[in-house]
Amino acid sequence: MIRGDDFYLKAFGELSSCRQFGQCIGPIPWYCTIEYARVHHLDEDMTEVFTVVIRELDEAYLENQREQQT
């Protein structure tokens, strides 16, 4: 059984492979997050929480990447 934090961190790592790369790193697409939740059988309430957590992790990650590029 995966602890809650571990589930989110593992999911974030796996979902990071869905990013678009170009001149800059893009965010994790929303539809990938929804599909991940569906595949892992999250109910509607948990899917909502999951998308918020992943979005917040992603925003922090992207901010860190922008800071490293300057």
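The values are calculated or read from the model by the stated rules, or taken from the named source; none is laboratory data. Model, not experiment: these values are computed from the prediction. Protein only, heavy atoms only, side chains kept; ligands, DNA and RNA dropped before computing areas. Shrake-Rupley method; radii C 1.70, N 1.55, O 1.52, S 1.80 Å.
Per residue, how many Å² of accessible area does the chain show with a 1.4 Å probe?
Numbers: 5290 Å² over 70 residues.
Each residue of the chain exposes 76 Å² on average to a 1.4 Å probe.
From helices alone, the chain scores -22500 deg cm²/dmol at 222 nm; the rule is -39500 (n - 2.57) for each run of n ≥ 4 DSSP H residues, then divide by the residue total.
I need the fraction of alpha carbon pairs in the chain separated by more than 14 Å, rounded to a whole percent. Mind dumping the intermediate values first?
Values: 1443 of 2415 pairs.
Result: 60 percent of Cα pairs exceed 14 Å.
Rounded to the nearest Hz, the phi-derived 3J(HN,Hα) couplings of the stretch 15-24 under the Karplus curve 6.51 cos²θ - 1.76 cosθ + 1.60 (θ = phi - 60°) are 5, 4, 6, 8, 5, 8, 10, x, 5, 9, where x marks glycine and proline. To the nearest 10 degrees, how steeply does helix 30-39 sit against the main Cα axis of the chain, on a 0 to 90 scale? Result, in degrees: 30.
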